[in-house]
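The values are calculated or read from the model by the stated rules, or taken from the named source; none is laboratory data. The shown structure was predicted, so the numbers you read here are calculated from the model rather than taken from an experiment. FYI the Cβ positions are ideal-geometry reconstructions off the backbone, even for glycines, and counts take in every protein chain you see. Accessible surface areas use protein heavy atoms only, side chains included; no ligands, DNA or RNA. Shrake-Rupley method; radii C 1.70, N 1.55, O 1.52, S 1.80 Å.
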Amino acid sequence: MQKITAGISNSQKIIAIVVIVVIIAAAGYAYSVSQPPSHVNLTVYGSVTASDLQPVINDFQGNYSYITVNYVQLNPPPLYSRLTSEIAANKSTADLIFVTNVVVYQLESKGYLLSYNSSQVSNYPSQYYDPGGHWADALLLPVVFSYNTQALNKSQLPATLNDLTNSSWKGKVIMHDITLGSTGTQYMLSLETALGNQTWTNFAKQFVANVDPTPTSQVSDVSSEVASGQYQIGMVAYLPDIVKLQGQGAPVGYFLPQGVPLLIAPESLAIVKGTPHLSAAELFENYILSKPGQETLGNTQTRPPALPRITAKYTMSGMLPQSLINSSIIFPTPQVAAEASAWAQTFKSWGYS
């Protein structure tokens, strides 16, 4: 009997190898997609009140259970100092910041912020985000004048800034200290563009000479002291502070003298360059800027979200006439922010203290 040798051709060998490779690759892919992402601790430094931000953090963590957000509440100057010192010492620091634009501008100028163009910014007005991707506004702080509604009715309010320089207001006005180089200083400087240099200079000098407003280091005190009856008028007041006090039954309202525009100080999100948690940081920024994130913010605290046309308890359109919103100005500009410290000394020389 002839013996038959069963052989395997080269082509059959190749097919067998390909099949094995495909099976191994498929098994590897199945394993990779079945594994949950590694847990991430995302650190955020911010000036937003922690309790106000917690609901949106909870929502975010509900959507991304593998991310834990560690939020550290800091006032803007300490936030800047801590972040820059940690970076200089090559220590672990924040992955993101959520703070007023003054600090954002300073950190951007030092090259500490990452460029990231969130997919959400196309839903925002162009002045609410950096075209270079270094920051995006998420909350807005409209700045107005406050007044005690028991001491004054609307007909008794100063119609113009010139009226506010009348000596009859002496001892009755409180304002955020413009010799600190911070919000009050930046607000005063930002008014110059709207009023014109001569009108602005005359007001600033006559105001301190005739009225000598009481300075305070905290913007929130401008409204709370007016609400308490200690003062009748407050200058450089955050509208959200007034709305919060009104909700508590306090006798406080807001106004803007003729010719004074609505100035808005934003609080922005920015990713810190060198973060080891870039993907998680991008997800957090995207969520805060998304419609659900903005609506949660608008329903839990009085600072209006930046996203227009949302349904929430606190919004720009719910707090202010549309005419004021349409003519509003974002402040400070990077130039004003850079000049504020020098101008603080000038205001001291004019008699402010």
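Whole-percent P(r), region 168-274, all Cα pairs, 10 Å bins from 0: 13, 43, 32, 9, 3, 0. The long axis of helix 76-88 is offset from the longest Cα principal axis of the chain by roughly 40 degrees.
In terms of the Cα gyration tensor, with a ≥ b ≥ c the square roots of its eigenvalues, is region 131-207 rounded because a/c is under 1.5, prolate because a/b exceeds b/c, or oblate?
In terms of gyration-tensor shape, prolate.
Here the chain is treated as a sphere whose radius is the Kirkwood value from Cα pairs; by Stokes-Einstein at 25 °C and 0.890 mPa s it diffuses with a coefficient of 107 µm²/s. Per residue, the solvent-accessible area of region 214-312 (1.4 Å probe, heavy atoms of protein chains only, all protein chains present) comes to 36 Å². Once backbone amide H atoms are built at 1.01 Å from N, residue 330 has 264 as its partners under 5 Å, excluding neighbours fewer than 5 places away on the same chain.
Rounded to the nearest Hz, the phi-derived 3J(HN,Hα) couplings of region 333-342 under the Karplus curve 6.51 cos²θ - 1.76 cosθ + 1.60 (θ = phi - 60°) are 6, x, 5, 4, 4, 6, 8, 4, 4, 5, where x marks glycine and proline. Shape analysis of region 191-347 based on the Cα gyration tensor places the equivalent ellipsoid semi-axes at 31, 22, 16 Å, largest first. In this structure, the pairs whose alpha-carbon distance is over 24 Å, taken from 172/244; 91/291; 170/348; 170/205; 154/348, are 91/291; 154/348. Post the alpha-carbon centroid distance, region 35-66 to region 161-193, in whole angstrom. What the calculation gives is 39 Å, centre to centre. Among rounded, prolate and oblate, which fits region 267-353 when a ≥ b ≥ c are the square roots of the eigenvalues of its C-alpha gyration tensor, a/c under 1.5 means rounded, and a/b larger than b/c means prolate? Oblate is the answer for region 267-353, as a/c is 1.5 or above yet b/c matches or exceeds a/b. Taking all Cα pairs closer than 8 Å and separated by 6 or more residues, the relative contact order of the chain comes to 24 percent. Here the accessible area of the chain is 51 percent carbon and sulfur, with a 1.4 angstrom probe and all protein chains present.
Remark: region 39-80 carries 44 Å² of accessible area per residue (probe radius 1.4 Å; ligands, DNA and RNA excluded). Where a Cα-Cα gap under 15 Å defines reach, which aspartates and glutamates qualify for residue 273, not counting those fewer than 8 residues away within the same chain? Once the sequence-local aspartates and glutamates are set aside, what remains near residue 273 is 86, 95, 108, 282, 285.
Give the peptides 53-62, 291-300 in descending order of average Cβ contacts within 10 Å, highest first.
Listed from highest to lowest mean packing, they are 291-300, 53-62.
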